[in-house]
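Here the structure comes first, spelled out in structure tokens, and everything after it is commentary.
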Amino acid sequence: MATAVIYTAPECPHSKKLKEFLKEKGVQYEEKCVLTNPETFEELAKISGYKAIPVAVVGEDVFVGFDRRVERRLGRRLGG
């Protein structure tokens, strides 16, 4: 089973939807909040090329945002 690292913020509705999606898929994830640690925010920018959340990293694949397109791509990456 795949695991993920996700970059989120507490009040972000897209972050919430990403976490719900991963839970439904049975994917374990490490959550990194960009608001509690400035270094995490810089890490996010370096990994994704953006300063936007949410971001999910699965293996070498980086998924920025969480809309229907990203949901489909991420679902395929996770095997379903």
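Since every read-out is calculated from the coordinates, none of them should be taken as a lab result. Only a predicted model underlies this, so the values are computations on that prediction, with no experimental measurement involved. Note: ideal-geometry Cβ built from the backbone for every residue, glycine included; neighbour counts use all protein chains shown.
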Inset, instruction - Could you line up THR40, THR8 from fewest to most neighbouring Cβ atoms inside 10 Å? - result: THR40, THR8
Legend entry - Degrees separating the helix 68-77 axis from the principal Cα axis of the chain, which is the longest one: 70
Legend entry - Relative contact order computed over the stretch 3-77 (Cα-Cα under 8 Å; 6+ residues apart), in percent: 35
Legend entry - Environment charge at GLU24 (Cβ cut-off 12 Å; Lys +1, Arg +1, Asp -1, Glu -1): +2
Legend entry - Rounded tilt (10° steps) of 13-24 against the dominant C-alpha axis of the chain: 40
Legend entry - Where the Cα pairs of the chain fall when distances are cut into 10 Å bins, in %: 20, 58, 21, 1
Inset, instruction - Only loop residues by DSSP count here, and only those with at most 16 other Cβ atoms within 10 Å; note down the GluC sites (Glu not before Pro) in the stretch 3-57 that meet that. - result: GLU11
Legend entry - Neighbour-count ranking [beta-carbon atoms within 10 angstrom, fewest first] of VAL57, VAL5, VAL34: VAL5, VAL57, VAL34
Inset, instruction - Give the angle, between 0 and 90 degrees and rounded to the nearest 10, that separates the Cα long axis of helix 38-48 from the longest principal axis of the Cα atoms of the chain. - result: 50
